[in-house]
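Encoded as structure tokens, the structure appears first; notes follow it.
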Amino acid sequence: MFGQERIPPAAGGTPRGGGEVIASYTDYAGAQRAVDYLSDNGFPVEHTSIVGGDLRMVEQVLGRLDAKKATMAGAASGLWFGLLIGLFLGIFAERAMSWVWIVLMGLLWGAAAGALFGWLGYRSTGGKRDFISSSQIVAARYDVLAESAYAERARNIVGRLSL
């Protein structure tokens, strides 16, 4: 859990992301808890960093994508954009009914344009990516680092956290 590994500072001499490893955790919450504990104990946390190591990209496949889903997703995002434009242009309306009409037209045109672009975007892939997914970068470990001048003090404080 505790190590003496020395990670060099980032380019330009800045200490961010560099220093000595004072603790390592398998999840980000553990590293965050350690820095919070340092802060609670009066440690100057501006001299610490949390660095993820052994990064990998994880893509979770959520389902199949077809023309209908792509069109509907495009329409939904276009609806929001149309609402934004309609509300903005509605500021200049002279009457309340004009404002309502402008907002409704913004919604309609936004949904139509979004649906068209969603469908065109799906068709342009030629079936090469017919699935919906969500991706994120995850780390196998999270190291809490402290600048060398503060590392021993930080190690002593974090050592009390695990007791």
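The values are calculated or read from the model by the stated rules, or taken from the named source; none is laboratory data. Remember, predicted model here, so these are calculated numbers, not experimental data. Note: ideal-geometry Cβ built from the backbone for every residue, glycine included; neighbour counts use all protein chains shown. SASA here: full protein model, heavy atoms, side chains in, ligands and nucleic acids out. Shrake-Rupley method; radii C 1.70, N 1.55, O 1.52, S 1.80 Å.
Things worth noting here:
- Qualifying residue in the stretch 140-150 (condition: open to solvent by less than 30 Å² (accessible area, probe 1.4 Å), in contact with a Leu (Cβ under 6 Å, 6 or more places away or on another chain), of a type outside the set (Phe, Trp, Tyr) and under 19 Å from Gly30 (Cα atoms)): no
- Number of the exception - Val103 against (1) in contact (Cβ under 8 Å) with a residue 24 or more places away in the chain; (2) open to solvent by less than 50 Å² (accessible area, probe 1.4 Å): (1)
- Beta carbons closer than 9 Å, at least 6 apart along the sequence or on distinct chains, pair a first residue in the stretch 112-127 that is part of a helix (DSSP H, G or I) with a second that is of a type in the set (Phe, Trp, Tyr) for Ala113/Phe81; Gly114/Trp80; Gly114/Phe81.
- Among (1) more than 28 Å from the chain's Cα centre (by Cα); (2) more than 25 Å from Ser162 (Cα to Cα); (3) surrounded by fewer than 17 Cβ atoms within 10 Å (Cβ to Cβ); (4) not hydroxyl-bearing (Ser, Thr, Tyr), the one test that Gly90 misses: (3)
- Within the stretch 30-75, the residues that satisfy the criterion of being open to solvent by 30 Å² or more (accessible area, probe 1.4 Å), closer than 30 Å to Phe131 by Cβ and free of Cβ contacts under 8 Å to residues at least 60 places away in the same chain are Lys68, Thr71, Met72, Ala73.
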